[in-house]
Amino acid sequence: MNSVVKSEDVIRVAAPLDPLLADDSVWEIMVDSYERVLVSRGGRVEQVASPFSSAEELQALIDGLFGLYGIKLGPENPVGYLRLGDYSRVMAVVPPNAVDGPHLVLRRIVGPRLDWDRLLELGFLPQGAYDLLKSAVEARANILVSGGTGAGKTTVANLIAELSPPEERLIVVEQVYEMQVKHPRVLRLEAGGPSGLTFEDVLTAATRMRPDRLIVGEIDGPVAASVLQHFGSGYDGSITLLHATSVENALNRLESFCLMANLGLGLPEIRLLIAAGIQLITYQEHMPSGRRKLIEIVELCSIENHRYVLQPLMRYNRDSEQFDFTGIKPSWEGRSALSRP
């Protein structure tokens, strides 16, 4: 990203959105059209008054903002992405591919921040689930944080990583910088840039920097196989994220991604790779009510007869709206541990 772009120039160009940008409770701004502007605030999406009087005004803002970075959007380049100086991410789609006029989405990375106390207060998870996650970090279990769009996976992954002892060295590896891990010994690596480093390049670099824990941003595609290989080869206590609609769907997606990597492995071998790399899976949802909930915590114990041995530890009961614990302790808390592959 062009480092010479001044923040005051961005503020000047984005002036129509200033009231929303000045509101710390607004996490995301979605300009569907010059007439319809939505914001994500407090876990809910709501429509607000539009500051634009025409599609031309909206287009002018998009042209001005992307122009600061030397990017011109048009028929031959209708989709654009930016990362601003405060790490906010901007995406725009313009005609002719945007059939109804230009669209703009701005998502803050540094913004309203939740902590464990607030998540407990909001009912995202119960105290017992927090204690379970804390014990998993202390036992150096590798954790997969899964969930759907807007479920708060990044927030939870940040907070889980922050439970790591302060003397440990954490290295965060991402396709696009997004995670905000607050830890005294955290390093951040991002793919891309002028060098064109791939995600696998920066992941390999991270493993050579003597991390105590690897924190890997949301994985998608063949790179998942590399992440799992590293997780299963001595990098205990690592964390990664995955878009999924259930724990089972998370495992199915991991299998598909590993097959895409063309490692020459069959499904039984891929399942062994997954079970060696992941010990705990969490799944969370953005509910229709607008609230977010930690739906399930499951231990991935081993592989038997080519199938995953899954031990549910906690599940949110949608009927009673209560968090139910199975009462079975995970292997690291004294239960007879199943042998890992």
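Read-outs throughout are calculated quantities, based only on the coordinates presented, and are distinct from any laboratory measurement. No experiment lies behind these values; they were computed from the predicted model shown. For neighbour counting, all protein chains shown are included, and Cβ atoms are generated from backbone atoms with ideal geometry for every residue, glycine included.
Modelled this way, with points 7 Å down the Cα-to-C-beta line, the labels at residue 79 and residue 176 are 1.0 nm from one another. In whole percents, the pair-distance distribution calculated for the chain from its alpha-carbon pairs, binned every 20 Å from zero, is 28, 54, 17, 0.
Please report 307, 108 as a ranked list, fewest other C-beta atoms within 10 angstrom at the top and most at the bottom. Numbers along the way, then the final one.
Details: 307 10, 108 18.
By the 10 Å Cβ count, ascending, the order reads 307, 108.
Return one number: the angle in degrees, 0 to 90 and rounded to the nearest 10, between the long axis of the Cα atoms of helix 247-260 and the longest principal axis of the Cα atoms of the chain. Tilt of helix 247-260: around 80 degrees.
So which GluC sites (Glu not before Pro) in the range 70-178 are both in a DSSP loop and have at most 10 other Cβ atoms within 10 Å of their Cβ?
Values: sites: 76, 121, 138, 162, 167, 168, 174, 178; in loops: 76, 162, 167, 168, 178.
Listed in order of number, the matching sites are 76, 167.
With a/c under 1.5 counting as rounded, go ahead and sort the range 7-107 into rounded, prolate or oblate using the C-alpha gyration tensor (a ≥ b ≥ c being the square roots of the eigenvalues; past the cut-off, prolate if a/b is larger than b/c, else oblate).
Details: a/c = 1.64, a/b = 1.23, b/c = 1.33.
It comes out oblate by the Cα gyration axes.
Karplus-derived 3J(HN,Hα) values for the range 9-25, using 6.51 cos²θ - 1.76 cosθ + 1.60 with θ = phi - 60°, are 5, 4, 4, 5, 5, 8, 3, x, 8, 3, x, 6, 5, 7, 8, 5, 7 Hz; glycine and proline are entered as x.
Over the residues of the chain, the helix contribution to mean residue ellipticity at 222 nm works out to -8000 deg cm²/dmol, using -39500 (n - 2.57) for each DSSP H run of at least 4. Please list, in order, the residues from the range 142-177 whose amide nitrogen is less than 19 Å from a point placed 7 Å along the Cα→Cβ vector of residue 122. Counting backbone N atoms under 19 Å from the label point, the list is 145-163. The relative contact order of the chain, computed from alpha carbon pairs under 8 Å that lie at least 6 residues apart in sequence, is 13 percent.
Hey, can you rank 44-50, 287-293 by average C-beta count inside 10 Å, highest first?
Listed from highest to lowest mean packing, they are 287-293, 44-50.
By DSSP, the beta bridges lying fully in the chain are antiparallel in about 70 percent of cases.
Distance between the 7 Å Cα→Cβ label points at residue 208 and residue 32: 4.9 nm.
Normalised size of the range 203-341, defined as Cα radius of gyration per 2.2 N^0.38 Å with N residues, equals 1.10.
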